[in-house]
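Okay, structure first, notes after.
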Amino acid sequence: MRLAFLYISLGVFLWFGCTGNTEVDVGLENSEIIEDTEQNQEEEEEEEEEEEEEEKTESETETETETEEGEETDKESTEEPTVTNEENKKTYKILSLGDSYTIGESVCEACKFPEQLKSNLISKFNDSMEFKLQVIAKTGWTTSSLISAIETKNPEKDFDLVTLLIGVNNQFQGRPFSIYESEFPKLVNTAITKAKGDKTNLIVVSIPDYAYTPFGRGNTTISEGIDKYNDFAESYCSLNNISYVYITDITRNGLVDMNLVASDGLHPSEKAYGKFVERLIPEALEKLSD
């Protein structure tokens, strides 16, 4: 009986023991499954967060790119080519031919009449105009000297305005008048060639009278000689419909108003040249405005 009881007890114990282990194993398995599931969920959540972050970054980048492209397009559409005043300027070219009265003997560079004419023209026009001046002149030159100098320097043939003042040294040096009669017309035609072949772009200026200076002392013979040269030039210009500006009378006030005479006592002063320009400017403006 005791033995039978022991066997029964042992059987029951063994049955409960086996049943308990199974539950433990199942519990362990369930625990591992839960842990795996939670880990997978965390990984999936992390992946989703990373994907959302990447999508957000891409979206922001696209937005920035679109904005930059939009700004660039707006910039391109609103910007206009930059054009400087220099590019818009029209250039007028002036050529002055002559002797000491053109080069401005004994006065400053800006004081001679071609420079004063240029400055006066600049003041008459707006900033869209530019003036370039070339002077071919030298103290002591006769008509022959000027012809040679022009041939040597060979200036362009595209000048908008040309001035010609020559002859005083032919008279002063006692050259035969016939030389002037033959060479003055030649110089006029050369000047016209340099003035785009258009005689309306030429202004001939009369010869000043140096008799009315401390050097000339009112010598009437000088004045008579100057008149002879001027009369020929004026007549030639009139016959050929060429502009002629008379300034000789201005210099004949030199003994009354010494401010009209330069410091050398022979040539016109800055003031005298300024008066020359007052008579030249209307002709010049008319020619440049055509």
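The values are calculated or read from the model by the stated rules, or taken from the named source; none is laboratory data. Small disclaimer: the values here were computed from a predicted structure and weren't measured. Note: ideal-geometry Cβ built from the backbone for every residue, glycine included; neighbour counts use all protein chains shown. Please note that ligands, DNA and RNA were not included when accessible areas were found on the heavy atoms of the full protein model with its side chains. Shrake-Rupley method; radii C 1.70, N 1.55, O 1.52, S 1.80 Å.
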Residue 253 vs. criteria on the phi > 0 side of the Ramachandran plot and open to solvent by 20 Å² or more (accessible area, probe 1.4 Å): no
Residue count, the range 156-197 (criterion: among the acidic types (Asp, Glu), open to solvent by less than 60 Å² (accessible area, probe 1.4 Å) and without any contact (Cβ under 8 Å) to a residue 60 or more places away in the chain): 1
All helices (runs of 4 or more DSSP H) inside the range 138-213 with 1 or more residues being in contact with a strand residue (DSSP E or B) (Cβ under 8 Å, 6 or more places away or on another chain): 143-153, 177-194
Check on residue 278, open to solvent by 20 Å² or more (accessible area, probe 1.4 Å), out of contact with any Lys or Arg (no Cβ under 8 Å at 6 or more places or on another chain) and more than 23 Å from residue 103 (Cβ to Cβ): no
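Here is a check on your reading of the model: is residue 106 surrounded by fewer than 22 Cβ atoms within 10 Å (Cβ to Cβ) and part of a helix (DSSP H, G or I)?
No, not satisfied.
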